[in-house]
Amino acid sequence: MTDPVPGAVIMVVDDQEANVRTVGSLLSRAGFDVVPCFSGLEALDRIAVEPPDLVLLDMRMPHMDGFQVLQALRASEATRGLPVIFLTADHERESLVRAFSSGAVDYVTKPFVPEELLARVRTHAELKRARDRVQRLAQERQASLDLIAHDLRNHFTNVLFAGELLQAADLDPDRRGKLLDSVRSSANSGLLFLQAVLDQAADEAHGAPLEPLPAAQVVQDAVEGYAAQASGKGMRFDLRLDRSLLVRGQRVAVAHVLNNLISNAVKYAPRDSLITVAAARHEAAARFQVMDQGPGLSGQDRARLFRRYEPLASQGTGGEASTGLGLALAKQKARAMGGDLWYDPRPGGGACFTLELPRVE
């Protein structure tokens, strides 16, 4: 007997209860999960709530036949790729051309041969799973590209910001030297980031585990990357770091999250304000916090937090724009490392973002 696809859910749609029971029993004995439906409308309602992996659909049913059900499935973006196998009587074979042109992937003639039915179900369930895996890989690849583009944009923004300040004719030599150092530092940070991304990709290809990281050092590295931009706005950093604290994570991913939080604080906090960055123990975990003295987030912006491609309504104090990607990717990275990222209003006013990660004892 054909082996089932692990966890595959097969919906059987037929207005004849005996047919549903016969097909369902066969699939259940073979190890598939079966969802019985006795009309096209019932099938569409249940698919809208939780789509199966494959639909076995009777071609002829009252009120809504198989062609109408298939048309409704193909009209929806959410169910366009759902594989449908028609169950058809032998004398209906002339309708198969219409079935395939409508989007059916296969057919089984009634009365069916059990081995044939199981083989066709398994084949198309496996194909569906394979397509889903490819789609997930494509989405993960796009997320990685978005992450890389976002972080490189931060480094380039620092270079451009320092370059604009260098155009001022009345800069004293000391200030000009600091800005040139900032340009070199940001460019070097961008190159190091690219190399770190390549190293992380190589590590992930070999299944590299999370590693112990010194919390104070990763915070200082992140803060140094935004020192010039913060100074240009008259901002200061207050670092409150547990020097003995070790966290468990991926170096590039932790740096990405902290860079994002610090760059946002510099972007949105008022000029001449204080940005506090802390790293401390919290029960069995470690918590990084980035706190500013700004107005905090509106209810509208809080609802948009951590959603992709939904930029905040707030404008940066230097006119900076938001992509709507940074915080969403940062939260994704935090959770992938066994931690989390969230927002709280800061007591006394301002924003407080907390990155929590596993702590190394």
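The values are calculated or read from the model by the stated rules, or taken from the named source; none is laboratory data. Not measured: the values here are computed from a predicted model. With ideal geometry, Cβ positions are generated from the backbone for all residues, glycine too; neighbour counts draw on all protein chains shown. Just the protein is used for accessible areas: all its heavy atoms, side chains included, with ligands, DNA and RNA removed. Shrake-Rupley method; radii C 1.70, N 1.55, O 1.52, S 1.80 Å.
Can you tell me the order of 294-301, 59-66, 150-157 when each peptide is scored by its average per-residue count of other Cβ atoms within 10 angstrom, highest first?
Numbers: 294-301: 14.6, 59-66: 16.8, 150-157: 19.0.
Order by mean packing, descending: 150-157, 59-66, 294-301.
Under 5 Å between amide H atoms, partner at least 5 residues away or on a different chain: which partners does Ala8 have, H built in plane at 1.01 Å?
Amide H neighbours of Ala8, under 5 Å, 5+ apart: Asp33.
Where the only charges are on Cβ atoms (+1 Lys, Arg; -1 Asp, Glu), what is the dipole of the stretch 1-156 about its Cα centre, to the nearest 20 debye? Intermediate results must be reported in sequence, preceding the final value.
Numbers: 18 positive and 23 negative charges, 86 e Å.
It works out to roughly 420 debye.
Which of Val55, Ile262, Val23 sits closest to the plus end of the dipole of the chain, meaning its Cα is farthest towards the positive end, when Lys and Arg get +1 and Asp and Glu get -1 on the C-beta?
Ile262
Give me the Kirkwood hydrodynamic radius of the chain in Å, from all C-alpha pairs, to one decimal place? Don't skip to the end; give the middle numbers.
Details: mean 1/r = 0.0409 Å⁻¹.
Final number for the Kirkwood radius of the chain is 24.4 Å.
Once ligands and nucleic acids are excluded and a 1.4 Å probe is used, how much of Arg21 is accessible, expressed in Å² to the nearest 10?
Approximately 130 Å² for this residue.
Solvent-accessible area per residue for the stretch 44-126 at a 1.4 Å probe radius, Å²? Display every interim value, and only then the final one.
Details: 4160 Å² over 83 residues.
Spelled out: the 1.4 Å probe surface of the stretch 44-126, per residue, equals 50 Å².
How much FRET efficiency would the formula 1/(1 + (r/R0)^6) give for Glu164 and Phe100, where r is the Cβ-Cβ distance and R0 is 51 Å, rounded to 0.05? Working shown, then result.
On the way: r = 61 Å, r/R0 = 1.20.
For R0 = 51 Å, the calculated efficiency reads 0.25.
Leaving out same-chain residues fewer than 8 places away, which lysines sit with a Cα under 30 Å from that of Lys331?
Lys128, Lys233, Lys267
Which angle from 0 to 90°, rounded to the nearest 10, does the C-alpha axis of helix 215-224 make with the longest principal axis of the chain?
The two axes meet at around 70 degrees.
Could you compute the FRET efficiency for Gln16 and Arg141, with r as their C-beta to C-beta distance and R0 at 56 Å, rounded to 0.05? Provide the component values of the computation, followed by the final result.
On the way: r = 46 Å, r/R0 = 0.82.
After rounding, the FRET efficiency stands at 0.75.
Taking the 0 to 90 degree range and rounding to the nearest ten, how far is the long axis of helix 251-268 tilted relative to the main principal axis of the chain, both from C-alpha atoms?
So the inclination is approximately 70 degrees.
Would you mind checking the tilt of helix 114-166 against the longest principal axis of the Cα atoms of the chain, expressed as 0 to 90 degrees and rounded to 10?
So the helix axis and the longest Cα principal axis differ by about 20 degrees.
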